[in-house]
Amino acid sequence: FFGMFPKAQLEGLKQFVGLLQDKPELLHSEQLDFFKVYLLSLGATLPDPPAPKAEPAPPKPEPPKPEPVEEEEEEDDEPEEPEEPAEEDPGLWTADEAVPVMEVENKEVSDEDCDKAMELKAAAMELQGEDPEQAILKLSEAIKLNPGMAMLYATRASCNMRLKKANAAIADCTVGIKLNPNSAKAYKVRGKAYRHLGEYEKAAIDFRAGQQIDFDDDTAEMHKFVEERAKKTFEKKRKAEIKARERAEKEAAREAKRRQAELRAQRQREQEEEEEEARKAAAGMGGMGGMPGMGGMPGMGGMGGMPGMGGMGGMGGKGGGKGMGGMPPEMMQAMFSDPEVMAAMQDPEVQAVLPKLMSGDPAAIMAAQSNPKIAKLMSKLGGMFGGAGKGMGGMGGMGGGCAPGGGCCPPGGGHAPGGMAPDID
C-alpha cells in the first residue's frame, strides 16, 4: 500500500509536517481547514490560534503641501561702463588759499581821495608787468581811499592772476561785479581764474557775460575751450545722474519685490497655522459613546406616542476610528458637516444631559426635551435622518407607547390608527 505513493510526494509531505512543527499556527489558516477538521476527528489536540493582530490605525492624511513661494529672479545690474579718463589740461594751476569776499566800506569819498586813488591805480598799471606784488599793494591803498570803485578790484584781480592766485582774483572780481554788474573786465578775469582751476562750467558762464558786454578775440579763444570742456563735464554729470536714478529705481523695485515675498510668506505661514489649529481641534475631539435609542414621546391629550428614534451608533474615537455603527456613510458625513450639530455636541450643557438620554428612560428623555438646546438638537437630528418615526442605524430605539391615561386608546381597545383616539361621543 505504501508503495502506491511516489517518493517525491512523500518527501513533500515530510517537509510539510516539518513546517507545521516549526510553525503550528499555520494549522489555523483557512487553506488548511480541511486538514484541521481531519486532525480533530482523530482526537488530536491543536495549539491555540494566534491572537488577532490589532488593525493599524489608518494613516493620517498628509496636509496639502503649500505651494512654494516663487521668487522672481533679480535682474543683474548691467555692468557700468568705465568712465572716460579725464582729458589732461596743462593750463590747470594749483589752487591758492581761498580768500573771503571783502565787505565794501561805505564811506563818503572826497575829490582829493578820488584823485589820489586814480594816481595809485596808474602807478600799479605800470608795475603789474614787472612787479605785480607792488602793484597789488598800490591798488590796495587806492581801494582804501575809494572802496566803491569797481575798476580797482578788477585791476587787482589781474595782478593776482599774474601770481597764479586764482582764488584771490575770484574774490576781487566778485566784489567788482557786485559794485558794477556791467564790468566786462571783472567777468572775463574771473572766467580765466575759473578756467585755470578746472571749473569750466563757471568759466563759461562768466565768459558769456563778459563777451556779451564787450567782445574781444583774445577772450574768444579761451571761451571756446571752456565751452567744449563744460559740455563734456555736463554730459558726464548728466550720465552719472541718470545712472544714479536708474540704480535707485532698481533698488526700489527690489525692495518692493522683497516686501511682496515677505507678505506672501507671512500669508502662507498664517494659512499653515490655521490649518494646523483646525487639525488639532479635529484630533482633540475624542470618540463619543453611542446614543441609545430615544423612547417615543408619551401621548398627550389623546395623541398617541411618537415612535422612538433608533439609537445612534458610537462616534469614532480619535485617530479615525470606525464610524457610527449601522449608519450609512452619507448620513455620518451629513452629521459631521453640520455646524449646528457639532456645536451642540460640544456644548457642556448638552454633554451633561447626554447620559440621561443614553439611559433610555422615557421620563429622563421627556425632562431633557424641556431644555431648548436638547429639543433643538433632537429636532435637527430627526430632520437629518428622515424625521421622527424613522430610526437611525445603530441600537434599536424604544418604541413609542401610549402614556398611561394619555387617552390614546380607548379602554380595552387597540391603538388607534395614526395615534389618534377614536371619537367615542
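Full-extension gain between PHE34 and GLU272, please, as 0.36 nm times their residue separation minus the C-alpha to C-alpha distance. All intermediate terms of the calculation are to be shown ahead of the outcome.
Working: separation 238, 0.36 × 238 = 85.68 nm, distance 5.71 nm.
So the extension gain works out to 80.0 nm.
The alpha-carbon of LYS373 sits under 19 angstrom from the alpha-carbons of these lysines, leaving out residues fewer than 8 places away in its chain: LYS356. Give me the lysines in straight-line cross-link reach of LYS138: C-alpha distance below 17 Å, same-chain residues under 8 apart excluded. Reachable lysines: LYS116, LYS121. Cross-link reach is defined here as a Cα-Cα straight distance under 20 Å, omitting same-chain residues fewer than 8 places apart; for LYS23 the lysines meeting it are LYS14, LYS36, LYS53.
Just so you know, all these numbers are worked out from the coordinates, no wet-lab data involved. Just so we're clear, the structure is a prediction, and the values are computed from it rather than from any experiment.
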